[in-house]
1. So, counting K/R as plus one and D/E as minus one, what does the shell of residues with Cβ under 14 Å around ASP34 add up to?
2. At a 10 angstrom cut-off on C-beta neighbours, averaged per residue, how do the peptides 18-31, 36-49 rank from highest to lowest?
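Throughout, read-outs are computed from the coordinates displayed, never taken from laboratory work. The structure displayed is predicted, hence computed values, not measured ones. Glycine gets a Cβ as well: all are built from the backbone with ideal geometry, and neighbour counts include every protein chain shown.
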Amino acid sequence: MKLRSPGLSCTKKIGLVGIGAMTRMIAKAYRMADAIRAVGVPVVMGGPHVTEMADEALGRSEARATPTPLPWAKRTKPGPKL
């Protein structure tokens, strides 16, 4: 698929695009997501704004990525005292 949109061009096949944004940049991120989705590429959104406003982001993307606790990230023993 050739990706074409105003200001956006790519000749490689793109299967998925991830966009992360803070609140101050969310309007631009949504515009970019809209342009990418308009040419048939699915978008996943994440970042601080999406974590707090998940329903809003789902209206502009196929999915949202939010932080989750990782079971392997827990310390197995206490670290050194600082």
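1. On the way: positive: LYS28, ARG31, ARG37, ARG60; negative: GLU56, GLU62.
Within the 14 Å Cβ shell, the charges total +2.
2. Details: 18-31: 15.1, 36-49: 17.5.
Ranked by mean Cβ neighbours within 10 Å, highest first: 36-49, 18-31.
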